[in-house]
1. Eight or more residues apart or on different chains, and alpha-carbon atoms under 14 Å: count the Lys pairs in the chain matching that.
2. To one decimal place, what Kirkwood hydrodynamic radius in Å is obtained for the chain from all pairs of distinct Cα atoms?
3. List the GluC sites (Glu not before Pro) within segment 27-81 that DSSP assigns to loop and that have no more than 13 neighbouring Cβ atoms inside 10 Å.
4. Using the number of other C-beta atoms within 10 angstrom as an exposure proxy, rank D34, D57 with the fewest first.
5. Add -39500 (n - 2.57) for each DSSP H run of 4 or more in the chain, then divide by its residues: what number comes out at 222 nm, to the nearest 500 deg cm²/dmol?
6. Rounded to the nearest 0.05, what FRET efficiency do E33 and T75 give with R0 = 25 Å and r taken as the Cβ-Cβ distance? Could you check?
7. Taking the 0 to 90 degree range and rounding to the nearest ten, how far is the long axis of helix 16-29 tilted relative to the main principal axis of the chain, both from C-alpha atoms?
8. DSSP beta bridges in segment 2-81, what fraction antiparallel, as a percent rounded to 5?
Amino acid sequence: MKIEVCMGSSCHAKGASRVLDLLREAIAANKLEDKIELAGSICLGACKESGANLRIDGEIVTGITKENFYEFFNTKVIDALK
Ligand code: FES
């Protein structure tokens, strides 16, 4: 699985760096380093959405915040890897 975190200025202002930190922590905590490639991305073209935006295996996922991060991670990452 490839997860790209938007590093554009709009997402940065909406907490993308924090989401990237949470992703790194969650990937390590779940020992998923060999299953997930983490990368940065230029603007994904979804700046109007609230929260930070990501792309997972080509699918744009919008609105990630530190508040909804674990719900996102469990459904879009953990469940998807099963
Ligand atoms: S800056 Fe992230 S979608 Fe545009």
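1. Details: K2/K35; K2/K76; K14/K48; K14/K66; K31/K82; K35/K76; K35/K82.
Going through the chain pair by pair, I get 7.
2. Working: mean 1/r = 0.0807 Å⁻¹.
After inverting the mean inverse Cα-Cα distance, the result is 12.4 Å.
3. Values: sites: E33, E37, E49, E59, E67, E71; in loops: E33, E49, E67.
Listed in order of number, the matching sites are E33, E67.
4. D34, D57
5. Per the formula, -7500 deg cm²/dmol.
6. Result of the calculation: an efficiency of 0.80.
7. 0 degrees
8. 60 percent
Each value in this text was obtained by applying a stated rule to the coordinates, not by laboratory testing. Since this is a predicted model, take the numbers as computed values, not measurements. A quick note on method: Cβ atoms are made from the backbone with ideal geometry, for glycine too, and the neighbour counts reach across all protein chains shown.
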